[in-house]
Amino acid sequence: VDARFKKIMSSVTSKSWFRRAFVTYVAGEPSSPFVQMATELIKSVHYFSSWPIIVFNFGLVTPPAWTPEEFPRLVILHSLPLPRENPMKRSFNFNKLRSILMSRVKTGIQLDVDQFIAPNADVLFKLTEGYVDKAYPFPLMPAHFLDWSIKDQKDAPWWPRYCPNPSKPCPMQTMRWAHAHPTWTYWALPFFGRWVRRHFRDERLPNVTLQGFEAPGLRVGNIPEDEDLLNVALWEERASKQWCKFDVPATVEFESLLTWQSSHGNSCKEGIGCTNIGGDERWYKNGVPKVYWTAHHAVDAAQTAQILERIQAKEKEGNWPPAIVYDEKFWKSGEELHAAYPDLQCLT
């Protein structure tokens, strides 16, 4: 624990465990784009959440501006990064999985540094606790904005096992490709540990037969990125639940909410933020709902700072619309949305 943040750590934990927290990870000089993005993410949590944010620093230093006085719900944890040399060389992004395991968070929301949260994002904690339990001990991830398949990733080693031909039944693939922004409860921590172990030990998944489909084996160590591994792991363990798109793919989409007026009612009138995430033939023929609890690809820190100020001002005016957008309408709750679209598979 960073010495400056020990007091905060003790005030927001019980026996060194966080009840709820956002978790992210970073490495870089204080002036680097990644650290600047992380600063805006930290700000957004202090604007729109009542829960702490844990930042794992896998680099050498953190910005002097990250102080307990400026950010009273920030906790910085320091750790060595993964080796970058063979034979243990791994993508830096596998530190995401390490940060989840080391954070000691009972209910967590993992965010990348190029994200920010928006009003009412805290709803995700309660929802996660309702879905991830002893009976379903797996993390939840949002549907990706692309329905990745072997057509897009011809050399990916996992598709022969899970879906060699998406035009035919693929019993081994249980969900659409999901984005690696997981939420979890402590029930899912063994899942993360199991798959980090399988990757680091380069275990092999055996040949299996399922519903007449002959699935070849797969070396887990050949999976190059954290998102690839999490999707493979969820399919392999027959997980079947994923979030609607709560990590909206571009900050510009928030303009549709920033221009909304109460006179518009439940109609989403302006901008690309009102459209559905692209559909597919197997999972979401009419597209995926957007849920404006977080933004992704917020890579311009200065632009993000301006958007956050505008969102904060609009929320203080009492003029922030409901977060869920589907078929050019705002929906007040997941229950309302699913009552209108009972076959919709994603959760919100």
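Computed values, structure above
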item	result
Test result for S50, without any contact (Cβ under 8 Å) to a residue 24 or more places away in the chain and either open to solvent by 50 Å² or more (accessible area, probe 1.4 Å) or of a type in the set (A, V, I, L, M) (or both)	no
Scope region 195-225; condition within 23 Å of Q110 (Cα to Cα) and free of Cβ contacts under 8 Å to residues at least 12 places away in the same chain; matching residues	R197
Yes/no for T62 being modelled with pLDDT of 95 or more, under 19 Å from E40 (Cβ atoms) and polar (S, T, N, Q)	no
Matching residues in region 138-149 - criterion: being open to solvent by 40 Å² or more (accessible area, probe 1.4 Å) and within 23 Å of L218 (Cα to Cα)	D147, W148
Elements of type strands (runs of 3 or more DSSP E) in region 243-348, at least 2 residues being surrounded by 23 or more Cβ atoms within 10 Å (Cβ to Cβ)	245-248, 290-295, 324-326
Filter result for V220 (among the hydrophobic types (A, V, I, L, M, F, W, C) and buried (at least 20 other Cβ atoms within 10 Å of the Cβ))	yes
Meets criteria (among the polar types (S, T, N, Q) and touching a strand residue (DSSP E or B) at 6+ places or on another chain (Cβ under 7 Å)) for T13	no
Residue match in region 93-111 (condition: basic (K, R) and in a loop (DSSP other than H, G, I, E, B))	yes
Condition broken by S14, with the remaining ones in (1) touching a residue at least 24 places away in the same chain (Cβ under 8 Å); (2) open to solvent by 20 Å² or more (accessible area, probe 1.4 Å) satisfied	(1)
Filtered residues of region 30-72 (kept if among the hydroxyl-bearing types (S, T, Y) and within 23 Å of the chain's Cα centre (by Cα))	S32, T39, S44, Y47, S49, S50
Pick from region 161-188, criterion in contact with a strand residue (DSSP E or B) (Cβ under 8 Å, 6 or more places away or on another chain) and part of a helix (DSSP H, G or I), ranking: most open to solvent (accessible area, probe 1.4 Å)	Y186
Qualifying residue in region 110-131 (condition: touching a residue at least 60 places away in the same chain (Cβ under 8 Å), over 27 Å from E225 (Cβ atoms), small (G, A, S) and open to solvent by 20 Å² or more (accessible area, probe 1.4 Å))	no
Close pairs from region 136-152: first among the β-branched types (V, I, T), partner crowded, with 17+ Cβ neighbours inside 10 Å and not in a loop (DSSP other than H, G, I, E, B), Cβ under 7 Å, at least 6 apart	I150/W159
Members of region 244-258 that are in contact with a strand residue (DSSP E or B) (Cβ under 7 Å, 6 or more places away or on another chain) and either within 18 Å of F191 (Cα to Cα) or polar (S, T, N, Q) (or both)	T251
Qualifying residue in region 305-323 (condition: under 22 Å from the mean Cα position of the chain (by Cα), modelled with pLDDT under 95 and hydrophobic (A, V, I, L, M, F, W, C))	no
Conditions (1) in contact with a Lys or Arg (Cβ under 8 Å, 6 or more places away or on another chain); (2) buried (at least 20 other Cβ atoms within 10 Å of the Cβ); (3) more than 26 Å from D280 (Cβ to Cβ); number of the one not met by S103	(1)
Residue in region 231-243 that is modelled with pLDDT of 95 or more and either more than 20 Å from Q345 (Cβ to Cβ) or more than 23 Å from the chain's Cα centre (by Cα) (or both) present	no
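The values are calculated or read from the model by the stated rules, or taken from the named source; none is laboratory data. Only a predicted model underlies this, so the values are computations on that prediction, with no experimental measurement involved. Cβ coordinates were reconstructed from backbone atoms using ideal geometry, including for glycine residues, and neighbour counts include every protein chain displayed. Quick note on the areas: whole protein, heavy atoms, side chains included, nothing else; ligands and nucleic acids left out. Shrake-Rupley method; radii C 1.70, N 1.55, O 1.52, S 1.80 Å.
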